[in-house]
Amino acid sequence: MSASSLPPSGQVRMNPPVFYFAATFILLFGIVVIAMPEQAGAWLLEAQNWAANTVGWYYMLAMTLYLVFVVVTALSGYGKIKLGADHDEPEFSYLSWAGMLFAAGISITLFFFCVSEPLTHLAQPPQGEAGTADAARQAMQILFLHWGLHGWGVFAFVGMALAYFAYRHNLPLALRSALYPLIGKRINGPIGYAVDGFGIIATVFGLGADMGFGVLHLNSGLDYLFGIAHTQWIQVGLITLMMGAAIIVAVSGVDKGVRVMSDINMLLACALLLFVLFAGPTQHLLNTLIQNIGDYLGALPMKSFDLYAYDKPSDWLGGWTVFYWAWWIAWSPFVGLFIARISRGRTIREFVFGVLLIPLGFTLAWMSIFGNSAIDQVLNHGMSALGMSAIDNPSMTLYLLLETYPWSKTVIAVTVFISFVFFVTSADSGTVVLSTLSAKGGNPDEDGPKWLRVFWGAMTALVTSALLFSGSIDALKSAVVLTSLPFSLILLLMMWGLHKAFYLESQKQIAQMHSLAPVSGSRRGGWRQRLSQAVHFPSRDEVYRFLETTVRPAIEEVTAVFVEKGLNVVTQPDPANDSVSLEIGHGEQHPFIYQVQMRGYFTPSFARGGMGSKQLNNRRYYRAEVHLSEGSQDYDLVGYTKEQIINDILDQYERHMQFLHLVR
């Protein structure tokens with residue numbers, strides 16, 4: 001699978017084909033929309049109606065396929081595969097990892113939709129009579145569908161694909177890498193670059209929609225607190241101000257302070273949630289939360305395919321469910337890259353269920369508590385004005401709900417502050433991810449160049465401003481639905497590539513178990529020497545000499561014979577002199593990689609002269625471990641003769657040939 005066992009070389013830099021393709025499309029779109037805002041708004045709305053009526057079924061099916069794929073993969077034998085080499089361990093503890101996944105589930109759009117959406121469904125339900133208890137129950141069911149497992153399923157899928165190919169097969173941390181099982185090295189050609197380009201386009205419009213809703217929400221908060229009017233130029237000013245702050249954070253290296261502020265912000269968000277829970281009808285909110293979860297899980301299979309095909313034709317599906325599915329798809333490269341980077345060393349099973357369940361719990365609790373608080377005010381306390389605001393001025397609806405609570409001015413001011421910080425941190429992360437997607441070279445964990453962060457921040461601000469000028473919320477929704485359509489097809493190809501990669505991996509595991517003769521002959525010196533070696537913990541110098549005097553000559557001798565046989569053999573250079581490696585290419589088939597690498601460990605306390613000795617406290621010992629393309633095989637060659645090492649190379653090569661035979 002992997003093209004090399006070593007990380008990519010060179011500094012991270014712009015990837016010209018990807019950058020120019022995506023940037024040209026986005027720039028032309030922004031110019032056209034700004035030049036003809038009314039016409040562009042009408043075109044976008046017409047195109048969205050076409051998409052909803054023509055490919056709405058496709059969006060519903062595709063999102064369900066993404067979710068089913070990740071769940072089935074996690075529950076299957078593939079769930080044991082690590083997102084990294086077999087010997088990799090997670091960088092973060094479960095608690096830290098869960099905390100970062102929790103943070104990934106919070107966005108400024110939670111504030112915009114948590115009240116306005118359920119009240120809109122209450123007043124304008126897709127089925128049944130408006131303003132009734134049944135309509136309220138249906139509204140929360142739809143809200144949970146839009147913010148539930150389907151969305152996190154596509155995030156888990158993209159994150160799994162990025163992490164698997166980057167960390168297990170040393171391919172670029174790019175969307176095109178998932179097509180390697182399908183098109184091989186052509187991922188570094190026009191097809192692969194087009195995949196990354198469409199991913200960037202979808203991400204920019206997804207972030208643009210997020211920023212657009214966020215700006216409308218913040219403008220309403222400032223209007224409520226200070227009387228700052230709702231105008232397009234005020235909103236453009238807010239976009240410029242907050243994206244400027246995000247770009248400064250992205251390029252100046254001061255994001256540590258922003259991360260601290262973000263942590264405080266999350267605590268404030270949790271405090272706000274608890275305040276609404278306990279200052280409102282607590283018992284009712286807890287009852288509805290449990291019932292909402294049950295309604296959602298019970299109706300999930302049916303709602304996953306519900307196109308309202310037997311109802312009167314309407315634009316409800318396109319304006320809500322199809323838009324949400326397109327929006328989740330557009331956000332998937334952004335969130336997928338983030339969760340991939342923090343999940344190296346996790347198994348696919350723990351990755352998938354962690355991503356699906358940890359952020360979901362908070363998101364659904366947030367939506368239920370705020371949504372049911374608003375519905376309670378409308379149905380049981382006669383606040384019809386609150387219900388009407390969800391349709392006429394949805395960005396103001398949350399503040400009108402909070403107005404009914406104690407200390408409303410203070411609570412609303414805190415809400416505006418929380419929203420602002422979420423806006424900046426999301427925009428900051430978004431520009432970094434976009435720069436990474438449009439770059440190449442370096443290591444998988446390196447971010448793109450700083451100037452790319454500035455450029456993509458400016459492009460996202462341009463797109464957001466243009467869409468707000470051309471039709472506000474409807475234009476934002478339309479653009480997301482249209483630009484996500486080609487990328488959703490790419491995700492299906494990525495699913496095919498990932499499935500093929502998993503199949504190849506399973507066949508390779510079968511090949512590893514293929515019966516072969518054991519290494520011939522005993523180690524030098526007989527069994528006494530073997531026992532001495534077993535209780536000996538070599539120093540770095542001993543293992544280095546072993547690599548130079550035994551391993552390297554063995555690999556060189558085998559290499560010479562492979563070359564005589566006409567095979568494409570590469571001996572990898574090692575500037576640090578702590579490994580010796582051999583790679584044999586087989587055209588478009590998977591290369592055979594055999595590497596002996598020096599690895600150090602702390603001497604165990606039970607060993608003679610180990611950590612129990614003050615003189616040798618923290619002393620390290622070293623092993624000459626065999627690594628294949630999947631990572632360490634966890635056995636040590638120290639003490640082997642040259643002939644035994646040659647036999648081991650041939651054993652592993654025969655297993656590899658058996659693997660190629662199984663997948664031919």
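Note that the range 293-337 presents 42 Å² accessible area per residue, ligands and nucleic acids not counted, probe 1.4 Å. With R₀ fixed at 30 Å, the C-beta to C-beta distance from Gln509 to Asn443 puts the FRET efficiency at about 0.65. Near the amide H of Ala439, within less than 5 Å, lie the amide hydrogens of Asn15, all on another chain or at least 5 residues away, with H placed in the peptide plane. Positive-end ranking of Phe537, Leu482, Ala466 along the dipole of the chain, with charges on Cβ about the Cα centre, is headed by Phe537. For the chain, the Cβ-based charge dipole about the Cα centre amounts to some 1780 debye (Lys, Arg positive; Asp, Glu negative; other atoms uncharged). Comparing Cα centroids, the range 67-107 and the range 417-474 end up 25 angstrom apart.
Averaged over residues, the count of other Cβ atoms within 10 Å places the peptides 93-101, 554-562 in the sequence 554-562, 93-101, highest first. Per-residue packing, averaged as other Cβ atoms within 10 Å, sorts the ranges 464-470, 14-20 into the order 464-470, 14-20, beginning with the highest. Taking other residues whose beta carbon is less than 14 angstrom from the beta carbon of Ser343, and scoring Lys, Arg as +1 and Asp, Glu as -1, yields +1.
For the pair Leu95 and Phe278 in one chain, pulling the backbone fully straight at 0.36 nm per residue adds 63.2 nm over the alpha carbon distance.
Stretching Phe25 away from Ala130 to a fully extended chain increases their span by 33.6 nm, per 0.36 nm per residue minus the current alpha-carbon distance. In a reduced charge model with +1 at each Lys and Arg Cβ and -1 at each Asp and Glu Cβ, the range 65-138 shows a dipole moment near 100 debye about its Cα centre. With the convex hull drawn around the C-alpha atoms of the range 420-499, the volume per residue stands at 133 Å³. For the range 107-201, the share of alpha carbon pairs falling in successive 5 Å distance bins from zero is 3, 12, 15, 14, 11, 8, 9, 9, 9, 7, 3, 0 percent. When the Cα positions of Ala161, Val416, Gln512 are compared along the charge dipole of the chain, Gln512 comes out farthest toward the positive end, with charges on each C-beta of Lys, Arg, Asp and Glu. Per residue, the accessible area of the range 383-498 comes to 32 Å², computed with a 1.4 Å probe over protein heavy atoms only. Heavy-atom surface analysis with a 1.4 Å probe gives the chain a carbon and sulfur content of 62 percent of its accessible area. For a paramagnetic label modelled on Asp392 (point 7 Å from Cα along Cα→Cβ), amide N atoms under 18 Å away belong, within the range 199-225, to 220-221, 223-224.
What is the packing order of peptides 165-178, 59-72, taking the mean over residues of other C-beta atoms within 10 Å and listing the highest first?
The packing order, highest mean first, is 165-178, 59-72.
Here the range 257-321 is treated with +1 on each Lys and Arg Cβ and -1 on each Asp and Glu Cβ, and its dipole about the Cα centre works out to around 140 debye. What does the charge count near Asp196 come to, summing +1 for each Lys or Arg and -1 for each Asp or Glu among other residues with Cβ under 11 Å from its Cβ? Counting the neighbours of Asp196, the net charge comes to +2. Working from Cα pairs under 8 Å separated by at least six residues, relative contact order for the chain is 26 percent.
Phi angles of the range 361-370 translate, via the Karplus equation with coefficients 6.51, -1.76, 1.60 and θ = phi - 60°, into HN-Hα couplings of x, 5, 4, 5, 4, 4, 5, 5, 5, 5 Hz per residue; Gly and Pro are given as x. Expressed per residue, the C-alpha convex hull volume of the range 1-118 stands at 261 Å³.
Farthest toward the positive end of the dipole of the chain, out of Leu567, Thr109, Trp147, is the Cα of Leu567, where the dipole comes from beta carbon charges about the Cα centre. Of the cross-linked pairs Lys185/Lys440; Lys82/Lys642; Lys450/Lys477; Lys82/Lys440; Lys500/Lys565; Lys82/Lys303, which ones have a Cα-Cα span greater than 21 Å in the structure shown? Violating the 21 Å Cα-Cα cut-off are Lys82/Lys642; Lys450/Lys477; Lys82/Lys440; Lys500/Lys565; Lys82/Lys303.
Once the Cα gyration tensor of the range 11-57 is found, what semi-axes does its equivalent ellipsoid get, as square roots of 5 times the eigenvalues, in whole Å, sorted largest first?
29, 18, 6
The values are calculated or read from the model by the stated rules, or taken from the named source; none is laboratory data. Note that the coordinates shown come from a computational prediction; the quantities given were computed from them, not determined experimentally. Neighbour counts run over all protein chains shown; Cβ positions are idealised from the backbone, glycine included. Heads up: the accessible areas ignore ligands, DNA and RNA and are worked out on the full protein's heavy atoms, side chains in. Shrake-Rupley method; radii C 1.70, N 1.55, O 1.52, S 1.80 Å.
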